[in-house]
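Student: Below you will find the structure I want to go over with you.
Nothing in this text is a laboratory measurement; each read-out follows from the coordinates by a stated rule. Remember, it's a predicted structure, so these values are computed and weren't measured experimentally. For neighbour counting, all protein chains shown are included, and Cβ atoms are generated from backbone atoms with ideal geometry for every residue, glycine included.
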Amino acid sequence: MTNGGGMKPPDLKGDGRMPEPWTLFHGVREFPEGTRTAQDAAAAIGCGVGQIVKSLVFVRDDEPVLVLCSGANTVDAGRLGLAKADADLVRRATGFAIGGVPPYGHPARLETLVDEDLLGHD
């Protein structure tokens with residue numbers, strides 16, 4: 001990550017376990033004005049851009065890797081040993097098209113890296 005953020009495997013409970021996906025669900029909101037960028041999403045819901053989670057799929061050793069990145073940061077794929085995933089791999093790995101990948105709820109477990117900057121938000 002840039003902007004001083006680091007990457008680490010998810011441990012959102014602080015004890016080595018991820019929360020169950022259904023404990024995170026707060027409902028779906030649709031915005032007619034669109035939210036194609038992190039800035040658009042932050043403006044639509046009234047939060048800081050750093051509170052937006054970008055769910056990005058990359059590839060390493062022919063395997064998909066999900067990166068959850070703060071909207072205020074960018075992913076330095078080379079530093080992480082990642083390459084861009086093509087649209088077909090993204091859909092096969094997540095069930096969603098590029099631009100619509102959620103942070104959880106995929107058909108299979110994916111290696112996931114979480115931007116440490118996200119852990120400072122509620």
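Student: Starting from 0.36 nm per residue, how many nanometres of slack lie between Arg36 and Thr74 once their C-alpha separation is accounted for?
Tutor: Numbers: separation 38, 0.36 × 38 = 13.68 nm, distance 1.54 nm.
Using 0.36 nm per residue and subtracting the Cα-Cα distance, I get 12.1 nm.
Student: Please report the Cα spread of region 27-95 along all three principal axes, rounded to whole Å, starting with the longest.
Tutor: So the three principal-axis extents are 39, 26, 18 Å.
Student: What's the FRET efficiency of Asp122 with Arg60 using the Cβ-Cβ distance as r and R₀ = 35 Å, to the nearest 0.05? Don't jump to the answer; show the numbers that get you there.
Tutor: On the way: r = 31 Å, r/R0 = 0.88.
Using R0 = 35 Å, I get an efficiency of 0.70.
Student: Arg92 to Leu110: extension gain in nm, 0.36 nm per residue of separation minus the Cα-Cα distance?
Tutor: Details: separation 18, 0.36 × 18 = 6.48 nm, distance 1.16 nm.
Extra length from Arg92 to Leu110 when fully extended: 5.3 nm.
Student: Next up: Kindly identify region 58-122 as rounded, prolate or oblate by the Cα gyration tensor criterion: order the square roots of the eigenvalues as a ≥ b ≥ c, call it rounded if a/c is under 1.5, otherwise compare a/b with b/c, prolate if a/b is larger, else oblate.
Tutor: oblate
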